[in-house]
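Student: Okay, handing you the structure first.
Derivation of every value follows stated rules applied to the coordinates shown; laboratory data play no part. These figures come from a predicted structure and were not determined experimentally. Here the Cβ is made from the backbone with ideal geometry for all residues, glycine too, and neighbour counts use every protein chain on show.
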Amino acid sequence: MQRVTVDLAARPYDIWIAPGLIGHLEQFIAPLAPTSIHVVTSTAVALLFADPVQRACERVAPTALCAIADGESAKSLQTVAQVIDALVQARADRGSVVVALGGGVLGDIAGFAASIFMRGVRVVQVPTTLLAQVDSAVGGKTGVNHPSSKNLIGTFHQPSVVVSDTSVLRSLPQRELSAGLAEVLKHGLLADHEYFERTVRDLPALLALDDEALAVAIARSCQIKARIVGSDEREGGERALLNLGHTFGHAIEALTGFGRWLHGEAVGCGLCLAGDLSARLGLIGTGEVERIAHAVSQARLPARIEGLSTQAAMQAMRGDKKAQAGRIRFVVLERIGRAILREAPDALVEATLGAAGYR
């Protein structure tokens, strides 16, 4: 079992990574001494994992289950209200613990509900997708979408512990597994050239769910994110670099209707766009751009998108959380392994979009 610590000054917490953890959650939740436990999951995940999780939780405290709809379209204030209604009905109190059992969408919804219920109750993240295990379950970002922009409504609410059972990844469709690899590639691109190259080399093993390759990828991605979150919990500076590929990716999600593209698919394409823009800004060469596109394609992710409106994309990106006074700021690469935040002239951004198939 591997442990990665998110070293926040106010309240550090651990990420535990190993196969077979999901049936033994009591050992991670019992130290929290909850008055009650409230498992929030999706309808699809409940069919696979709700029974062992409930049994483990009931060994600690009275446990209730709330199952919500699946998918990005469920990431709304209405769904958050549904979770809060369930907490009220189950008589949750300030000593209760919410267990977020599911992928990134579920973790964001459950974490947001926990952050505002009674002004904040504790949450334990139990991610069941690769994307959630390497990224979204770590760092305390919670929230839901607004029709105009992704993740526009939310809070920072750090989990008490993250429990990543690698064996549950065998339940994932191939498309979901590839979506998680986008975030693995992102971490290497922005912070660790050697890790990026190892990930590219290990892509066949990762796609085949090799235990050793998965353990290395999940632990190293969590280490990179933990270091950045520990130094900038609320995204005042360095943490914004974790959004490499996301400004472009969020626009893709918004313009295609949330849910048509998986988040990781949009991020994968966004990494290629960020690489292209970096080259247009004179930061990296065409060889690095091609290297990024090749890695994204090898992970079975889309490297380009056809037919979206360039002007609609520009407008969507102006609503991005990193934008200031309507000026878009992008995370770009000085080199593979080092990212920076930079504004870019509209003409260069539009050229990048055009090269990727926008019209």
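Student: Could you tell me the ratio Rg/Rh of the stretch 72-163? Both radii from Cα atoms, Rh via Kirkwood.
Tutor: Details: Rg = 12.1 Å, Rh = 12.8 Å.
Result: Rg/Rh = 0.94.
Student: Please give the Cα centre distance for the stretch 241-310 versus the stretch 53-68, rounded to the nearest Å.
Tutor: 39
Student: To continue, here is another question. Could you state the angle between the C-alpha long axis of helix 77-89 and the longest principal axis of the C-alpha atoms of the chain, as a value from 0 to 90 degrees rounded to the nearest 10?
Tutor: Rounded to the nearest ten degrees, it is 10.
Student: What percent of all Cα-Cα pairs in the stretch 174-355 falls into each 10 Å bin, going from 0 up to the bin containing the maximum distance?
Tutor: 10, 40, 37, 12, 1
Student: Give the peptides 130-138, 17-25, 328-336 in descending order of average Cβ contacts within 10 Å, highest first. Before the final figure, lay out the partial values.
Tutor: Details: 130-138: 28.3, 17-25: 17.7, 328-336: 20.8.
Packing proxy ranking, top to bottom: 130-138, 328-336, 17-25.
Student: Nearest 0.05, what FRET efficiency do Ile340 and Asp51 give at R0 = 41 Å with Cβ-Cβ as r? Spell out each step's value before the answer.
Tutor: Working: r = 47 Å, r/R0 = 1.15.
Plugging the Cβ-Cβ distance into 1/(1 + (r/R0)^6) gives 0.30.
Student: Also, quick follow-up: What is the angle, in °, between the Cα long axis of helix 263-280 and the longest principal axis of the Cα atoms in the chain? Nearest 10 is fine, range 0 to 90.
Tutor: 30
Student: Follow-up question, since we're still on this one. Can you tell me how the stretch 2-171 classifies by the Cα gyration tensor, rounded, prolate or oblate, using a/c under 1.5 as the rounded cut?
Tutor: Numbers: a/c = 1.23, a/b = 1.16, b/c = 1.06.
Rounded, since a/c falls under 1.5.
Student: Tell me the volume per residue, in Å³, of the convex hull enclosing the alpha carbons of the stretch 268-317.
Tutor: Numbers: hull volume 3.9 nm³, N = 50.
It comes to 77 Å³ per residue, whole-number rounded.
Student: In addition: Roughly how far apart, in whole Å, are the Cα centres of the stretch 338-353 and the stretch 1-18?
Tutor: The two parts, judged by their Cα centres, are 35 Å apart.
Student: Semi-axes of the equivalent ellipsoid of the stretch 1-66: what are they in whole Å, largest first, if each equals the square root of 5 times a C-alpha gyration tensor eigenvalue?
Tutor: Details: eigenvalues 98, 47, 28 Å².
Computed over the stretch 1-66, the values are 22, 15, 12 Å.
Student: Hey, another quick one. Could you sort 228-240, 93-105 so that the peptide with the highest average Cβ count within 10 Å comes first and the rest follow in order?
Tutor: On the way: 228-240: 15.9, 93-105: 24.3.
Per-residue Cβ counts within 10 Å, averaged per peptide and sorted highest first, yield 93-105, 228-240.
Student: Report the residues of the stretch 152-178 in range of a label on Arg234: point 7 Å along Cα→C-beta, backbone N strictly under 11 Å from it.
Tutor: 156
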